[in-house]
1. Select the helices (runs of 4 or more DSSP H) contained entirely in the chain, then report the ones holding at least 3 residues which are without any contact (Cβ under 8 Å) to a residue 60 or more places away in the chain, surrounded by 11 or more Cβ atoms within 10 Å (Cβ to Cβ) and over 15 Å from the mean Cα position of the chain (by Cα).
2. Kindly establish whether G81 is modelled with pLDDT under 95 and touching a strand residue (DSSP E or B) at 6+ places or on another chain (Cβ under 6 Å).
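The values are calculated or read from the model by the stated rules, or taken from the named source; none is laboratory data. These figures come from a predicted structure and were not determined experimentally. Neighbour counts are summed over all protein chains in view; Cβ atoms, including those assigned to glycine, are modelled from backbone coordinates with ideal geometry.
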Amino acid sequence: MYESVDEVAIAPYLSIKLNDTMTSTNIIDGMTAEIDNIAKIIKTHLNITNQYNLPLTTYESGQGLLGTTSTTTKLQIGIQGDERMRNVYVKYY
């Protein structure tokens with residue numbers, strides 16, 4: 001049993017649910033919009049850790065797209081090399 005906490009770490013992955021009718025533009029737009037939701041979650045965690053004077057860190061993050069069909073898997077693989085992802089990452093980080 002732990003008796004103290006030194007810091008709180010989260011893994012704020014950037015992701016949206018993929019479906020077979022999506023285009024790469026839908027994915028880029030969806031991920032860009034999701035950044036604001038993730039920012040709210042991080043701020044909530046930060047408010048909690050601040051109450052206990054603990055640092056908030058991330059142990060990993062990035063895009064967390066998951067293809068569950070052959071179509072969405074192809075979309076997932078394709079979007080990772082899409083040059084528009086750079087802008088998504090710049091806004092996210």
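1. Details: elements: 24-51, 70-80, 85-92.
Filter on the chain gives 24-51, 70-80.
2. no
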